[in-house]
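Engineer: Below is one structure. I have some questions about it.
The values are calculated or read from the model by the stated rules, or taken from the named source; none is laboratory data. All figures in this text were calculated on a predicted structure; none of them were measured in a lab. Quick reminder, even Gly has a Cβ in these numbers, built from the backbone with ideal geometry, and neighbours come from all protein chains shown.
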Amino acid sequence: MSHENSEQPFAGAIAAPQPRPFFKKKRFLIPAGILVLGIALGSCSGGTKQASDVSPAAPSAAASSAASSAAPAPAAPAPVTAPPAAAPVVGVPFSVKMSNGNIARITILSAVRTASVSTTAFATPAKNGSYLLLDVLWETESGKTSSNPFYFSAKDTNGRKADLDLFADNQLPSGDVLPGDKARGFIAFDITPGASTVMISNTLMQESARIQIPG
């Protein structure tokens with residue numbers, strides 16, 4: 001009888017136990033779990049702190065932006081306007097634009113009421129009771145101008161046009177007035193008593209200036 005089978009090792013013998021990996025042992029698992037938990041808590045607390053630090057800044061920026069948009073715009077500077085030119089008056093020279101850049105300098109030296117303006121045979125009584133007699137000085141301010149009684153007209157307070165008397169003594173002459181020269185003479189209007197307006201026209205017979213004559 002053979003004993004070979006008895007010498008072979010038993011197939012179902014229990015294998016020797018293998019040592020457990022170090023990361024599965026309790027002494028490693030517990031500290032590792034605590035470490036992970038601590039990291040997680042630290043991250044949560046850090047995130048919460050950051051959010052609390054940032055959140056107050058947002059309303060401040062929004063409030064600042066709203067305040068800037070609500071601030072009133074600076075008022076625009078008032079436009080600068082030139083003062084109106086003074087109206088011509090008796091005794092004060094004033095400028096009259098004639099044409100082509102020529103400018104006359106005219107002074108009504110006096111304005112009086114008189115019953116007669118001529119001593120010649122052509123003298124006639126005024127239809128409206130008296131004459132308005134103007135003593136006129138004509139000068140050239142710029143360029144070349146010409147004086148002429150027909151450049152003058154007048155109307156009363158009711159807007160009625162006066163008649164120009166062409167037979168007044170020493171009437172304003174007609175002709176060129178060169179720079180430095182002067183022309184002087186009278187202009188007479190048969191006009192109703194009271195305040196009146198005298199207009200001066202340019203060479204195209206367009207009104208260029210006017211002066212108020214007290215009554």
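Engineer: For the condition farther than 19 Å from Phe94 by Cβ and buried (at least 16 other Cβ atoms within 10 Å of the Cβ), what is the one hit in Ala162, Ala123, Ala154?
Structural biologist: Residue meeting the stated conditions: Ala162.
Engineer: Considering only residues of segment 157-205 that are assigned to a strand (DSSP E or B) and among the basic types (Lys, Arg), which is nearest to Lys97 (Cα to Cα)?
Structural biologist: Among those that are assigned to a strand (DSSP E or B) and among the basic types (Lys, Arg), it is Lys182.
Engineer: Moving to a separate point now. Arg105 is checked against (1) closer than 15 Å to Thr203 by Cα; (2) touching a residue at least 40 places away in the same chain (Cβ under 8 Å) and fails just one. What number does that condition carry?
Structural biologist: If we test Arg105 against (1) closer than 15 Å to Thr203 by Cα; (2) touching a residue at least 40 places away in the same chain (Cβ under 8 Å), just (2) comes out false.
Engineer: Here's a follow-up. Quick check on my filter: what residues within segment 166-181 are at pLDDT below 95 and acidic (Asp, Glu)?
Structural biologist: Asp181
Engineer: Failed condition for Trp138, given (1) surrounded by 12 or more Cβ atoms within 10 Å (Cβ to Cβ); (2) within 47 Å of the chain's Cα centre (by Cα); (3) not in a strand (DSSP E or B), with all others met?
Structural biologist: Result: Trp138 fails condition (3) only.
Engineer: Sticking with this one: Assess whether Ile187 counts as being assigned by TED's automatic domain parsing to the domain that holds Arg113, closer than 20 Å to Val92 by Cβ and at pLDDT 95 or above.
Structural biologist: yes
Engineer: Right, another one. Criterion first (acidic (Asp, Glu) and over 45 Å from the mean Cα position of the chain (by Cα)) does Asp190 satisfy it?
Structural biologist: yes
Engineer: Within segment 167-187, take every residue that is among the hydrophobic types (A, V, I, L, M, F, W, C) and within 18 Å of Pro125 (Cα to Cα) and give me the one that is surrounded by the fewest Cβ atoms within 10 Å (Cβ to Cβ).
Structural biologist: Only one residue tops the list, namely Phe167.
Engineer: Does segment 150-201 hold any residues that are of a type in the set (S, T, N, Q) and on the phi < 0 side of the Ramachandran plot, and which are they?
Structural biologist: Ser153, Thr157, Asn158, Gln171, Ser174, Thr192, Ser196, Thr197, Ser201
Engineer: From the list Ser142, Ser110, Ser116, Ser146, pick out the single residue that is assigned by TED's automatic domain parsing to the domain that holds Ala188, more than 16 Å from Ala183 (Cα to Cα) and in contact (Cβ under 8 Å) with a residue 12 or more places away in the chain.
Structural biologist: Going through Ser142, Ser110, Ser116, Ser146 in turn, just one is assigned by TED's automatic domain parsing to the domain that holds Ala188, more than 16 Å from Ala183 (Cα to Cα) and in contact (Cβ under 8 Å) with a residue 12 or more places away in the chain: Ser116.
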